[in-house]
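Trainee: Once you've had a glance at the structure underneath, I'll fire off some questions.
The values are calculated or read from the model by the stated rules, or taken from the named source; none is laboratory data. Since we're looking at a predicted model, the values are computed, not measured. With ideal geometry, Cβ positions are generated from the backbone for all residues, glycine too; neighbour counts draw on all protein chains shown. Just the protein is used for accessible areas: all its heavy atoms, side chains included, with ligands, DNA and RNA removed. Shrake-Rupley method; radii C 1.70, N 1.55, O 1.52, S 1.80 Å.
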Amino acid sequence: MSGTENRPADAAQPFSTALGTGVRLVMLVPVVAIQLAAVALIVYGAIETWHFVDALFFNTEHAPSHDGILLLAIEIVDLFLLATVVQVVSLGLYQLYFHQDLKLPPWLKITTLDDLKSKLVGVVITVMSVYFLGRALTWTVGADIAYLGVAVALVIVALTYFLSKIDTH
């Protein structure tokens, strides 16, 4: 009788293996798509960097102002930070579904979905801070910048609270 009791579990084994393989194959789509988005952002950032250097040194007719230079430089940094966020998400999904043993620096090791959320939220906070800094440095009219500052601060506080509640071993 013990041989027949084990049969349903044995019959389920190929199904669960096929399901696991199917899930992994489906997750290959966002890993590749997000990686392509990261590469596209990096290429776009490189092009914008060239435009920045061109405007600064070679195109004297349309040279940006001092504030314009600051804003352009911060926007380039912001763009590459965003590319980093996208790259970290792609890499994190890859680690979660395909290859946990990648040789990466410890800060990029992702073993759980909470690790990935934590990395994502941390970089999003940085991107938001850089975005606000760029706007604050070049703000010239009125006190409306305070509304943006309060909004960014509230989101950062909420995300920081969220980070404090994530269970990352």
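Trainee: Would you mind telling me which residue in 148, 104, 25 has the biggest mean-square fluctuation in a Gaussian network model of the chain, where springs connect alpha carbons within a distance under 10 angstrom?
Mentor: 104
Trainee: Still on this structure, I have one more. Order the peptides 112-123, 155-166, 29-40 from the highest to the lowest mean number of other Cβ atoms within 10 Å of their residues.
Mentor: So the order, starting with the most tightly packed, is 112-123, 29-40, 155-166.
Trainee: Tally Lys/Arg at +1 and Asp/Glu at -1 over every other residue whose Cβ is under 15 Å from the Cβ of residue 159; what's the total?
Mentor: Here the count lands on +2.
Trainee: Same structure, new question: Rounded to the nearest percent, how much of the accessible area of the chain (1.4 Å probe, protein heavy atoms only) is carbon and sulfur?
Mentor: Whole-percent figure for carbon plus sulfur exposure: 71.
Trainee: Just subtract the alpha-carbon distance of residue 27 and residue 39 from 0.36 nm times their residue separation and send over the number in nm, one decimal.
Mentor: The span from residue 27 to residue 39 would gain 2.5 nm if fully extended.
Trainee: Now, a different point. When the Kirkwood radius is taken over all Cα pairs of the range 54-118, what Stokes-Einstein diffusion coefficient follows at 37 °C and 0.692 mPa s, in µm²/s?
Mentor: The Stokes-Einstein estimate is 227 µm²/s.
Trainee: Mind listing P(r) for the range 86-156? All alpha-carbon pairs, 5 Å bins, whole percents.
Mentor: Spelled out per bin, shortest first, that is 3, 15, 21, 15, 11, 10, 10, 7, 5, 2, 0.
Trainee: For the range 85-125, which semi-axes, largest first and in whole Å, follow from the square roots of 5 times the eigenvalues of its Cα gyration tensor?
Mentor: Values for the range 85-125, descending: 16, 10, 9 Å.
Trainee: Once the whole set of protein chains is in place, how much accessible area is left on residue 54, using a 1.4 Å probe, in Å² to the nearest 10?
Mentor: Roll a 1.4 Å probe over it and residue 54 shows about 50 Å².
Trainee: Are there any helices in the chain, counted as whole DSSP H runs, that stretch 27 Å or more along their axis by Cα and score at least 1.0 on average by Kyte-Doolittle, and if so which?
Mentor: 66-97, 113-138, 145-165
Trainee: Let me ask another. Which entry in [x] 35, 15, 13; [y] 46, 21, 11; [z] 27, 18, 14 matches semi-axes √(5λ) of the Cα gyration tensor in Å derived from the coordinates of this structure?
Mentor: This structure yields the entry labelled [y].
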